[in-house]
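Student: One structure, pasted below without further comment.
The values are calculated or read from the model by the stated rules, or taken from the named source; none is laboratory data. Keep in mind that this is a model prediction, so the values were computed, not measured. Virtual Cβ from ideal backbone geometry, glycine too; neighbours counted across all protein chains shown. Only protein heavy atoms, including side chains, enter the accessible area calculation; ligands, DNA and RNA are left aside. Shrake-Rupley method; radii C 1.70, N 1.55, O 1.52, S 1.80 Å.
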Amino acid sequence: DELVRATAPIGMIMQNERIIDRGEIVTHKLYRILNTYQEMLELQSPESDRTQWIKLLGQILYVTILIVVLYLYLQNFCNDMVYRKGNLLFILLMIGLFAVGAVFATTLFGNGNYLVPFVIIPIVILVFFDARTALFCHLVEILICASFAPYPLEFVVVEFCAGAVAIYSLKELSRRSQLLRTAFFVFLAYALSYTAVEILINGVMTASAIRVLGYFAINEVLTSFAYILIFVVEKMFGFVSVVTLVELSDINNPLLRELSEQCPGTFQHSMAVS
């Protein structure tokens with residue numbers, strides 16, 4: 001019997017097995033077992049199906065309220081942006097895609113939601129709009145994703161700190177190297193805020209918490225690819241970023257170089273006006 005228990009998969013509960021005693025430290029393995037026990041109780045409950053539907057209805061209502069709050073914010077503070085073609089669709093699409101990605105990541109990995117580079121949302125919105133709108137959209141996104149995060153309060157605090165640091169460190173994107181610097185600062189914000197919350201709650205950094213720091217490193221790499229997403233958004237929605245304007249103003253552009261050779265006076269005048 002002891003051999004069967006020792007070789008049982010993590011999360012499996014044997015008959016008559018003691019799960020945990022009062023005062024015992026909850027390790028990652030015990031946490032998985034407790035979750036399995038809770039799922040078994042819910043499945044055995046005759047009202048489990050009705051409860052699931054009620055929870056789903058609550059989640060839909062919760063997300064709807066947050067989207068309405070976002071719309072009211074945009075209508076009051078960015079009125080022209082709401083009615084401009086494609087703007088609202090772009091913001092809702094960004095929020096929706098990252099929320100779906102967070103659902104899959106959370107399902108596949110423990111704390112997998114930290115693998116999703118949520119800070120890309122405020123970075124991309126900052127490039128095309130303004131810092132205040134970027135921060136508000138980021139806050140709505142993390143509040144939506146907190147509804148299915150393993151530790152909602154911890155998730156909101158960590159992601160909010162990372163998003164605020166991303167906006168502050170970027171300000172205006174004009175060079176690709178700025179994204180690498182921002183990704184590094186975001187990693188520091190993730191690591192410091194997560195460590196602070198873990199020590200505040202548990203008093204010590206557990207093995208699972210240290211593994212999450214590795215997730216943040218992967219997150220940093222994914223964040224640096226925001227430049228590609230900015231290019232895709234420009235092509236899809238017809239937006240123009242500062243990065244594109246900087247590239248167009250490069251005097252090594254073949255057309256501008258030809259203009260400077262054929263019509264130097266017009267070229268100098270055009271540069272002065274621009």
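Student: Given a 10 angstrom Cα cut-off, can you work out which residue in Leu248, Leu92, Leu259 is the most mobile in a GNM of the chain?
Tutor: Leu259
Student: What is the Cα radius of gyration of segment 189-274 over 2.2 N^0.38 Å, N being its residue count?
Tutor: 1.98
Student: Can you tally the net charge around Arg181? Count Lys and Arg as +1, Asp and Glu as -1, for every other residue whose Cβ sits under 12 Å from the Cβ of Arg181.
Tutor: +2
Student: Give me the extension gain from Val156 to Thr27: residue separation times 0.36 nm, minus the current Cα-Cα distance, reported in nm with one decimal.
Tutor: Between Val156 and Thr27, full extension yields 44.1 nm more.
Student: Can you list the DSSP H helices in the chain whose Cα atoms extend at least 30 Å along the helix axis and whose mean Kyte-Doolittle hydropathy is 0.5 or higher?
Tutor: Helix filter hits for the chain: 48-77, 87-108, 176-202.
Student: Divide, for the chain, the radius of gyration over alpha carbons by 2.2 N^0.38 Å, where N is the residue count.
Tutor: Against the compact-globule rule of thumb, the ratio is 1.31.
Student: Show log10 I(q)/I(0) for segment 62-149 at q = 0.14, 0.21 Å⁻¹, two decimals, from a solvent-free Debye sum over equal Cα scatterers.
Tutor: With one equal scatterer per Cα and no solvent, log10 I(q)/I(0) is -0.47, -0.98.
Student: On the accessible surface of segment 189-274, probed at 1.4 Å, how many percent belong to carbon and sulfur atoms?
Tutor: Carbon and sulfur: 68 percent of the exposed surface of segment 189-274.
Student: Still on this model: If you find the alpha carbon centre of segment 190-245 and of segment 50-122, how far apart are they in angstrom?
Tutor: One Cα centre to the other: 17 Å.
Student: Would you work out the Kirkwood radius for segment 192-241? I mean one over the mean of 1/r across all pairs of different Cα atoms, in Å.
Tutor: When all Cα pairs of segment 192-241 are included, the Kirkwood radius is 13.3 Å.
Student: Considering only protein heavy atoms and a probe of 1.4 Å, how much of the accessible area of segment 63-126 is carbon and sulfur, as a whole percent?
Tutor: Carbon-and-sulfur percentage of accessible area, whole number: 74.
Student: Send over a whole-number figure in Å² for the accessible area per residue of the chain, probe 1.4 Å.
Tutor: On a per-residue basis, 61 Å².
Student: Two-decimal Rg/Rh of segment 85-210 from alpha-carbon positions, Kirkwood Rh?
Tutor: Rg divided by Rh gives 0.98.
Student: Describe numerically, in nm with one decimal, the distance between label points set 7 Å from Cα along Cα→Cβ at Leu248 and at Gln268.
Tutor: 2.5
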